[in-house]
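Here the structure comes first, spelled out in structure tokens, and everything after it is commentary.
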Amino acid sequence: IRDEESGYNKNLFCIPKHYEEDLEAVFIPHGLILDRTERLARDIMQDMGSHHIVALCVLKGGYKFFADLLDHIKALNQNGDKSVPITVDFVIIKSYC
């Protein structure tokens, strides 16, 4: 996103009431995020080939993206020509002491 980008008008989206006053514009629509997440899942499946996938989620902030990404990978696994084994794990990282 360029610095001069003004984003999309917030009136084009369903914004929760408690965010309306704090939000000026939407820079990346949810649909675009979902599309890119699905593309990332396709790239992972293509790059990994038939190798075992070990998916590691960094809690707390990454769980929603992680779940969405795994949903797309699982759908590709079920609907594709091959099934790739997936192991899922979670870690908590403390970034500041």
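The values are calculated or read from the model by the stated rules, or taken from the named source; none is laboratory data. Computed from a prediction, not measured in an experiment: that's the story for all the values here. All Cβ positions, glycine included, derive from the backbone under ideal geometry; neighbour counts span all protein chains shown. All accessible areas refer to the heavy atoms of the entire protein, side chains included, with ligands and DNA or RNA removed. Shrake-Rupley method; radii C 1.70, N 1.55, O 1.52, S 1.80 Å.
Only residues that are over 18 Å from K74 (Cβ atoms), part of a helix (DSSP H, G or I) and open to solvent by less than 90 Å² (accessible area, probe 1.4 Å) were counted in region 18-61, giving 4. Is it the case, given these coordinates, that D89 is charged (D, E, K, R), at pLDDT 90 or above and assigned to a loop (DSSP other than H, G, I, E, B)? In short, no. On the stretch given as region 68-86, residues that are assigned to a helix (DSSP H, G or I) and either in contact (Cβ under 8 Å) with a residue 40 or more places away in the chain or surrounded by 12 or more Cβ atoms within 10 Å (Cβ to Cβ) (or both) total 10. When the residues of region 70-91 are narrowed to those that are over 17 Å from the mean Cα position of the chain (by Cα) and among the small types (G, A, S), which ends up farthest from V54 (Cα to Cα)? By that ranking, first place goes to G80.
Listed by first and then second residue, the pairs with beta-carbon distance under 8 Å, at least 6 apart or on different chains, first residue in region 38-63 and touching a residue at least 12 places away in the same chain (Cβ under 8 Å), second assigned to a helix (DSSP H, G or I) and open to solvent by 100 Å² or more (accessible area, probe 1.4 Å), are C57/Y63.
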